[in-house]
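Reading through the structure tokens given below for one structure.
The values are calculated or read from the model by the stated rules, or taken from the named source; none is laboratory data. From a predicted model like this one, the values you see are computed outputs, not experimental measurements. Cβ sites come from the backbone with ideal geometry, for glycine too, and all protein chains shown count toward neighbours.
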């Protein structure tokens, strides 16, 4: 940092800072036409509140910023930058502006029509997106989307843009329904577990409960394939003289957390068949354990948690305990192996892989 010459200080309110100290930051504000020391500003628009504090992934916030700045490389913007390109929308043939892509194209209109928002947005008269953005970004998602907190609208922006790029560059035509489903799923996953900087410490603060005499220890885990929406679940029931191992593949599983819950439920059913009484279920999923111990409530897991709680009433005593991942290696191996077997498989005394 260096001091500007005195003859330039009178111009600092326009070209630098009030003190006359020049920095890369102040130079950036000069380059984009902003004033003073504060963050970039267009009129009364509050970038920090309306963009950077959105409850969504950083990449989605950045995309929203690009949208509001007009920095998304749609056909119209590329043509303005003297890039020789057809500026028309590849779906409908209209001029592809940012507002057309996100709101006025028939594809986008169908997405917004299906969106489970508390207030149905009307974009027909939209001229100034920045002016409308504070209200638009605060639209709440209706149940049962499972979005406990956070903003769905930015995720819809992001997935319309991704669907556009896949259509233009890969020839993959996703439907509006699939595009909206992807937006809801990503928003829900972020709402549940997308903030590791806030939850990571809590995982390690969970207290390990000692194993009581006469209690059967059971470990469960799950492996999930996002592309195929299938899960392998594994479980070990520690019963002398030989442990019971459980391995099962399940289809149409929406998330890794759901897979963890279904794994525990299936192993609990096996324990009922074995007529066990005092049980201690161990999982390395702190989120699942917290759900079962009623520390947190997650809409996506309501039905599975209700099933597990109902099953637990059939035993003399049941405890749900978190353990570190390194102590759940055997159940993890069973789950990953189940993910790759040819047929769903559930066994009692040993794991039997198909030939």
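Annotations
- Yes/no for residue 59 being loosely packed, with under 15 Cβ neighbours inside 10 Å and at pLDDT 90 or above: yes
- Taken over region 280-306, the criterion of being touching a strand residue (DSSP E or B) at 6+ places or on another chain (Cβ under 6 Å) and either assigned to a helix (DSSP H, G or I) or crowded, with 21+ Cβ neighbours inside 10 Å (or both) is satisfied by 281, 282, 283, 286, 289, 292.
- Summed over region 72-124, the residues that are more than 26 Å from the chain's Cα centre (by Cα), assigned to a helix (DSSP H, G or I) and surrounded by 15 or more Cβ atoms within 10 Å (Cβ to Cβ) give a count of 7.
- Meets criteria (farther than 20 Å from residue 190 by Cβ and within 22 Å of the chain's Cα centre (by Cα)) for residue 307: no
- Evaluated against (1) under 29 Å from residue 87 (Cα atoms); (2) at pLDDT below 80; (3) surrounded by fewer than 14 Cβ atoms within 10 Å (Cβ to Cβ), residue 149 falls short on exactly one condition, (1).
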